[in-house]
Amino acid sequence: MIETPDAAIRGSVLDGYYGRVAPALKEAGILQPKDHLRAAVSLADHEDEPINLTWSPEHRAYGYFSPTAGWVSVPGDQLATFRVNFSRLLDQLVERLDLSPRSAPVELVPDLLWEVGDARLPGRSKRTPVWIGRRLGDPAIWKRFIDTARKRPAPGLRIVLSFTPGNCLPTDVHLGHTLIAVRDVADHYGLAVVPDLLAARVAAGSQLNDDPITMAADGASLTVRGTRYAFSGSKQRAIIRQLYDAWKSGHPELLTAEVLESAGFSTSVNTLGKAFSGRSDWREFLNEEHGRCWMFL
């Protein structure tokens with residue numbers, strides 16, 4: 001339901017196919033009636049064609065007349081369309097996470113993308129911002145997500161919990177974001193994210209492609225043909241981010257002075273050699289000549 005455009009389902013389908021779980025979802029307020037239809041599939045004659053319903057004052061119910069069974073009342077729940085109450089669902093989904101601030105989710109893209117707060121995950125000292133999105137496998141919606149992420153850059157790392165299964169997600173993830181399918185980190189009921197599972201997935205990363213150069217979502221490491229290089233300083237990470245982004249774009253060369261300024265270095269640091277003082281392994285995948293720098297294989 002969550003991955004359908006309207007996040008809605010007919011009451012007859014809900015009860016017919018998901019009768020074991022539907023009552024609990026309704027009781028929890030996660031599924032709420034949206035409107036009522038005045039047609040239904042025959043309950044008595046095994047017909048597949050919709051039948052128009054009429055109101056019976058005698059039976060005080062909507063129904064239809066069956067040639068074989070006479071008057072057939074249709075239960076009210078089967079006339080209703082039920083829709084996901086996302087406010088209630090998101091609260092349920094993150095109830096085990098240590099979130100700050102504890103406030104209502106902020107809708108970033110109407111009905112599609114929400115910001116739920118900063119989570120403190122097991123094994124991580126800093127809080128990590130968390131977004132939740134649906135239908136991210138749709139190219140048009142993915143573009144809206146990317147546009148939103150660019151307008152609100154990730155402060156190091158941002159977790160995006162996706163209702164869309166992982167094998168249906170695009171592989172070109174925006175820098176600073178790690179996409180994790182909800183079903184991979186939720187408990188067996190599927191309605192609450194398990195903090196330990198989420199922390200393990202974040203630590204493992206979300207490698208979604210076969211690029212010879214890949215970067216961790218938080219910019220803390222770069223992997224070049226299987227060799228991993230870690231960067232602890234925020235300024236060095238900022239350099240790597242810029243050069244990696246340029247390499248990915250197909251236009252890898254940048255002005256060294258602009259890269260260093262954007263990374264927050266003072267004017268006295270005017271080369272990559274000074275920026276990476278104390279380590280030389282950066283030369284294995286970065287080059288610098290005549291005031292320009294770039295990432296290479």
Extension gain, ALA24 back to VAL106 (0.36 nm per residue minus Cα-Cα distance, nm): 26.9 nm
Below 22 Å, Cα to Cα, which lysines can LYS248 reach? Residues fewer than 8 away in the same chain don't count. LYS143, LYS151, LYS235
Per residue, how large is the accessible surface of the range 219-297? Use a 1.4 angstrom probe and give square angstrom. 56
Starting from the Cα of ASN167, step 7 Å along the direction of its Cβ; do the same at ALA8; then give the gap between the two resulting points in nm. 3.1
With a point put 7 Å past each Cα toward its Cβ, work out how far ARG228 is from ASP281 in nm, to one decimal. 1.0
Estimated FRET transfer efficiency when R0 is 45 angstrom, pair TRP71-TYR189 (beta carbons, to 0.05): 0.65
How many nm is it between the label spots at GLU258 and ASP91, if each spot is 7 Å from the Cα in line with the beta carbon? 4.9
Only helical DSSP H runs with n ≥ 4 go in: add -39500 (n - 2.57) per run for the chain, normalise by residue count and round the 222 nm mean residue ellipticity to 500 deg cm²/dmol. -7000 deg cm²/dmol
Heavy-atom accessible area per residue of the range 144-196, all protein chains kept, 1.4 Å probe, expressed in Å², is 46
Of all accessible heavy-atom area on the chain, the percent that carbon and sulfur account for (1.4 Å): 50
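The values are calculated or read from the model by the stated rules, or taken from the named source; none is laboratory data. Nothing here was measured: the structure is a model prediction, and the numbers come from that model. Heads up, the Cβs are rebuilt from the backbone with ideal geometry, glycines too, and the neighbour counts pull from every protein chain shown. Heavy atoms of the whole protein, side chains included, go into the accessibility calculation; ligands, DNA and RNA do not. Shrake-Rupley method; radii C 1.70, N 1.55, O 1.52, S 1.80 Å.
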